[in-house]
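Student: I have a structure here, written as structure tokens, and I will follow up with some questions on it.
The values are calculated or read from the model by the stated rules, or taken from the named source; none is laboratory data. Keep in mind it's a predicted model, so treat the numbers as computed, not measured. Note that each Cβ is placed from the backbone with ideal geometry, even for glycine, and that neighbours are counted across all protein chains shown.
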């Protein structure tokens, strides 16, 4: 019934002749696009604004785009907000009215609306999102290079050891001229990357120029999983009977726990009593990977909450923990962000880890992607928050909290260190090792 | 004698691939092994044919003696006298040996479904675990000619593996499905402690060579992981393990068993090691371990990542160490073979086929698939890894069965699953075929679907699984039947299959906001550890009185008991 009325209304407008037929369809498609985005925000954003608030923001943006002040009437009413059909009708009406000479399409409106949301929301291309998922799962598929630019030309800036291009005979510094016959000599890095990426097992033809070699080198490369380690090799800092291991964590990804497990096996029988995890500069966006890591390191008990729009879930660690009997420390800084901030805070609270370095970024949220209509765009929104304690008011706006380490050098001290010609990193590591040893000597073994 | 192994294996595989109409099995299924006469005689318990096989180590064919419906366990009292259990007739048998033949001297009725049996030389008695009856019985052996039931100890779980701590006069009893471990004080004849480990499918308990640790093989399901491809691939979801518990911790009921235990994971990324089974410590630095899901024998020091893995036959389970011949003897239960592995070369040097030339049925082939790690990505797990011997490990798992990750669901028992469509907690799988395909892809992360033949075979096996027959108190059962109808439980759990095809909102919501669930069949409910889609209730009392599942009043203790009794055999 309602559809009929809507059709009649549109037909009426059509008769008035203020808009051309194709524009009606456009308005309807645009309204569907915005309605979908708003529904996804309501469904998946941790603390979404109300529909009235979202509609109001959209109204402002649409009129701004039209270069006019919003009409005094035309605000979404409570009644309209409650029904998807009425809301759709309101959206169509808004788009219809603001559909001016300086045309602003719904895609741009959607992007602007997303920018008004809290919690670092953004729209990304679906293919880029899937690559992020692959990286989080330690299953990145590609040719195994980092792509740079030299004099406007795409160049292999870093060849990943054991990756497909490495195995096929590529080298660092190779200039990429053609990808599957496409001339990329003047292409952007992004366009080149798009051509280089593809499904696992697929083939890509590359023509490369290498310094000191005449002509182009032709390589056929089979795309595959690129081995990217989550952490660097361990260093053992020896001390009288109390060795401490240090490991630089580079990525919060699925292979981190197996890599730590292998490290534990390697350290067995080496008299290592402490472990420093360097979490500086590590972010990651995936709450699941943080959950897996904390489960592996914390010896049983609650370790926080996973908070989603649909509800919160208490997290309980399995009773087995890696590095039993070892004291832990974690190094953090302002680039330790997102789930890694929870990791640092939870290791301190539930495994007595010593934290060293600088205050963390203060954005302890993870993100979650939702595919929008059309399938080529993903809306990234804050989905989860892992807190050692659930905030009392779960409907409150996002309130980021940074983690303050107990061992921190401070600006003045850092200046002195630099003046004396020493390295801040080395001094911080020494301080951390010292604190860790003190703890080990006092017989504290992180509750295990 | 060095048998041409590849040839023998080919012969066996050839036999296995012969098609046969669905029907009863010809498999003998060697399930227990013992060494007699200083290593010169091998005693084999054949589960399905109910036979005892005795093999003179210098001969090539054993002598068979049919003594039972099923041999579920066996323990030698000495070289000439054994106690075996018959899991079908619920009896203990005292068996006397004459040469390579045995005959029954005495029989004793036991609590239902006896399986493991262990001989206690101090009391000249046997301790027998009756799994579904959740009971341990002490059976005394009188004058080598009679069996006498002395004591019964009830447990809060189905007992499986047992280990006698002879000096300490304790019996360690492991859970057949989940991760519980009980310690029985043998002098007080009482239950001393029951503790839980993050474990399931505990398949062996052995004392370490220094006598200070109890080694156990088990599996672990990480409640924080999901069955996404990365979590399976990186060994984050289901892991296969050997754990060493300290004897002193076992003896002190106040101690936490986990925190001072050592845990070694078996298998690695790219090379999972599904279903670790029997374990033998050969030296402080070397252990032999059968991997029942990958058909292998592993030699490992458990501190060193280097593991040697040797291919055996189908589903190697039981294993014994024959010191006299410096060999390991392994029973490949689903290819009806006994294999002899030379310890010096770590190679197979003899294969003995127990039912060579027999054709296998669809059910047999399906059974092999059910227990095979080949069904999963990198051989991390078999169907049995979660559906323990067709039942359930009693845990929840975050699989893709409900179409999304984030809301873990109870792992259902497959006993009695046939006909109970639709499948899945959301009732979103119309047939077992669809459910199976979904599990292979979304849980086990197998890259290729099974062939139609394999799928049909596997389902033939799954459809043959039935819940155990559990004896009931007929008066209480009748009371429960009336109550079940009076409370209108039949509205959703319709008589017959005790389920219905619809989904209902019963006032429960999962983490993803779903509130419509398909009622599970109540067949075999009383064998389950947790109830509801997420296992939020541990018993019927909690389900009805705490969660008020479709009842408008509090039920009395007697009413709960009557309903429970009824649910033991709702169809009878």
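Rundown of residues vs (1) part of a strand (DSSP E or B); (2) away from every other protein chain (no Cβ under 14 Å); (3) surrounded by fewer than 20 Cβ atoms within 10 Å (Cβ to Cβ), yes/no style:
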residue	(1), (2), (3)
A:79	no, yes, yes
A:108	no, yes, yes
A:113	no, yes, no
A:146	yes, yes, yes
A:157	yes, yes, yes
A:161	no, yes, yes
A:171	no, yes, yes
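Student: Does the stretch B:186-209 hold any residues that are within 14 Å of another protein chain (Cβ to nearest Cβ) and under 17 Å from the mean Cα position of the chain (by Cα), and which are they?
Tutor: Passing the criteria: B:197, B:198, B:199, B:200.
Student: Based on this model, can you work out whether residue B:477 counts as in contact with a strand residue (DSSP E or B) (Cβ under 6 Å, 6 or more places away or on another chain) and surrounded by 15 or more Cβ atoms within 10 Å (Cβ to Cβ)? Show your work before the answer.
Tutor: Values: in contact with a strand residue (DSSP E or B) (Cβ under 6 Å, 6 or more places away or on another chain): no; surrounded by 15 or more Cβ atoms within 10 Å (Cβ to Cβ): yes.
When the stated conditions are applied, residue B:477 does not pass them.
Student: From A:332, A:272, grab the single residue that is in contact with a strand residue (DSSP E or B) (Cβ under 7 Å, 6 or more places away or on another chain), more than 10 Å from chain B (Cβ to nearest Cβ), crowded, with 23+ Cβ neighbours inside 10 Å and modelled with pLDDT of 90 or more.
Tutor: A:332
Student: Let me ask something else about it. I'm trying to understand the selection: among the residues of the stretch B:316-329, which are touching a strand residue (DSSP E or B) at 6+ places or on another chain (Cβ under 6 Å) and farther than 15 Å from residue B:206 by Cβ?
Tutor: Listed by number, the residues that qualify are B:316, B:322, B:327, B:329.
Student: While we're on this one: Tell me which residues, restricted to the stretch A:333-379, are assigned to a loop (DSSP other than H, G, I, E, B) and under 24 Å from residue A:424 (Cα atoms).
Tutor: Within the stretch A:333-379, A:333, A:334, A:335, A:336, A:337, A:353, A:358, A:359, A:360, A:361, A:362 qualify.
Student: Here's a follow-up. Test each condition in (1) touching a helix residue (DSSP H, G or I) at 6+ places or on another chain (Cβ under 9 Å); (2) under 23 Å from residue B:218 (Cβ atoms) for residue B:335 and report the one that comes out false.
Tutor: For residue B:335, the failing item is (2).
Student: OK, next. Go through the stretch B:505-521 and give me each residue that's assigned to a loop (DSSP other than H, G, I, E, B), surrounded by 20 or more Cβ atoms within 10 Å (Cβ to Cβ) and either more than 14 Å from every other protein chain (Cβ to nearest Cβ) or in contact with a helix residue (DSSP H, G or I) (Cβ under 6 Å, 6 or more places away or on another chain) (or both).
Tutor: Within the stretch B:505-521, B:518, B:519, B:520, B:521 qualify.
Student: I need the full set of residues from the stretch B:250-269 which are more than 25 Å from residue B:397 (Cβ to Cβ) and more than 10 Å from chain A (Cβ to nearest Cβ), in order please.
Tutor: Correct list: B:250, B:251, B:252, B:253, B:254, B:255.
Student: Further question: For residues in the stretch B:303-324 being without any contact (Cβ under 8 Å) to a residue 40 or more places away in the chain and buried (at least 22 other Cβ atoms within 10 Å of the Cβ), which is farthest from the chain's Cα centre (by Cα)?
Tutor: B:312
Student: Turning to a different aspect of this structure: So for the stretch A:190-200 (the condition being more than 18 Å from residue A:130 (Cα to Cα), free of Cβ contacts under 8 Å to residues at least 40 places away in the same chain and surrounded by 15 or more Cβ atoms within 10 Å (Cβ to Cβ)), does at least one residue qualify? Step through it out loud before you land on a result.
Tutor: Here is the first cut: in the stretch A:190-200, the residues more than 18 Å from residue A:130 (Cα to Cα) are none.
No: the stretch A:190-200 contains no residue that is more than 18 Å from residue A:130 (Cα to Cα), free of Cβ contacts under 8 Å to residues at least 40 places away in the same chain and surrounded by 15 or more Cβ atoms within 10 Å (Cβ to Cβ).
Student: For residue B:152, are the conditions met, namely being under 20 Å from residue B:278 (Cβ atoms), away from chain A (no Cβ under 14 Å) and assigned to a strand (DSSP E or B)? Write out each step before concluding.
Tutor: On the way: under 20 Å from residue B:278 (Cβ atoms): no; away from chain A (no Cβ under 14 Å): yes; assigned to a strand (DSSP E or B): yes.
No.
Student: What number goes with the only condition from (1) surrounded by fewer than 18 Cβ atoms within 10 Å (Cβ to Cβ); (2) within 14 Å of another protein chain (Cβ to nearest Cβ); (3) in contact (Cβ under 8 Å) with a residue 40 or more places away in the chain that residue A:262 does not pass?
Tutor: Of the numbered conditions (1) surrounded by fewer than 18 Cβ atoms within 10 Å (Cβ to Cβ); (2) within 14 Å of another protein chain (Cβ to nearest Cβ); (3) in contact (Cβ under 8 Å) with a residue 40 or more places away in the chain, the odd one out for residue A:262 is (3).
Residues are listed down the side, and each one gets a yes or a no for (1) more than 30 Å from residue A:112 (Cβ to Cβ); (2) within 14 Å of chain B (Cβ to nearest Cβ); (3) crowded, with 20+ Cβ neighbours inside 10 Å:
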| position | (1), (2), (3) |
| --- | --- |
| A:309 | no, yes, no |
| A:312 | yes, yes, no |
| A:340 | yes, no, yes |
| A:359 | yes, no, no |
| A:363 | no, no, no |
| A:373 | no, no, no |
| A:378 | no, no, yes |
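Student: Right, another one. Output the number of the condition that residue A:293 fails; it satisfies all remaining conditions of (1) within 19 Å of residue A:328 (Cα to Cα); (2) more than 17 Å from the chain's Cα centre (by Cα); (3) surrounded by 22 or more Cβ atoms within 10 Å (Cβ to Cβ).
Tutor: (2)
Student: Which one of the conditions (1) at pLDDT 95 or above; (2) surrounded by fewer than 21 Cβ atoms within 10 Å (Cβ to Cβ) does residue B:61 fail to meet, given that it meets all the rest?
Tutor: Every condition holds for residue B:61 apart from (1).
Student: I've got another one for you. Which one is nearest to residue A:320 (Cα to Cα), of the residues in the stretch B:210-226 that are more than 8 Å from chain A (Cβ to nearest Cβ) and surrounded by fewer than 22 Cβ atoms within 10 Å (Cβ to Cβ)?
Tutor: It comes out as B:213.
Student: Of all residues being in a loop (DSSP other than H, G, I, E, B) and out of contact with any strand residue (DSSP E or B) (no Cβ under 8 Å at 6 or more places or on another chain) in the stretch B:480-504, which is nearest to the other protein chains (Cβ to nearest Cβ)? Just the residue, please.
Tutor: Within the stretch B:480-504, the match that is nearest to the other protein chains (Cβ to nearest Cβ) is B:502.
Student: Hey, another quick one. Within the stretch A:221-235, how many residues turn out to be out of contact with any helix residue (DSSP H, G or I) (no Cβ under 8 Å at 6 or more places or on another chain) and modelled with pLDDT under 95?
Tutor: The qualifying residues number 2.
Student: When only residues in the stretch B:228-249 that are touching a strand residue (DSSP E or B) at 6+ places or on another chain (Cβ under 7 Å) and more than 10 Å from chain A (Cβ to nearest Cβ) count, which is nearest to residue B:405 (Cα to Cα)?
Tutor: B:238
Student: To continue, here is another question. Out of (1) more than 20 Å from the chain's Cα centre (by Cα); (2) buried (at least 21 other Cβ atoms within 10 Å of the Cβ); (3) assigned to a strand (DSSP E or B), what's the single condition that is false for residue B:174?
Tutor: Failing condition for residue B:174: (1).
Student: Let me ask something else about it. Which of the residues that make up the stretch B:255-272 are in contact with a helix residue (DSSP H, G or I) (Cβ under 7 Å, 6 or more places away or on another chain) and buried (at least 24 other Cβ atoms within 10 Å of the Cβ)?
Tutor: Scanning the stretch B:255-272 gives a single hit, B:272.
Student: Still on this structure, please answer the following. Please go through the stretch B:286-327 and give me each residue that is within 14 Å of another protein chain (Cβ to nearest Cβ) and assigned to a loop (DSSP other than H, G, I, E, B), ordered by number. Don't jump to the end; show me each part of the working.
Tutor: We begin by selecting, within the stretch B:286-327, every residue within 14 Å of another protein chain (Cβ to nearest Cβ); these are B:300-307.
B:301, B:302, B:303, B:304, B:305, B:306, listed by residue number.
Student: Looking at (1) farther than 30 Å from residue A:168 by Cα; (2) within 14 Å of chain B (Cβ to nearest Cβ); (3) modelled with pLDDT of 95 or more; (4) in contact with a strand residue (DSSP E or B) (Cβ under 9 Å, 6 or more places away or on another chain), which is the only condition residue A:292 fails?
Tutor: (4)
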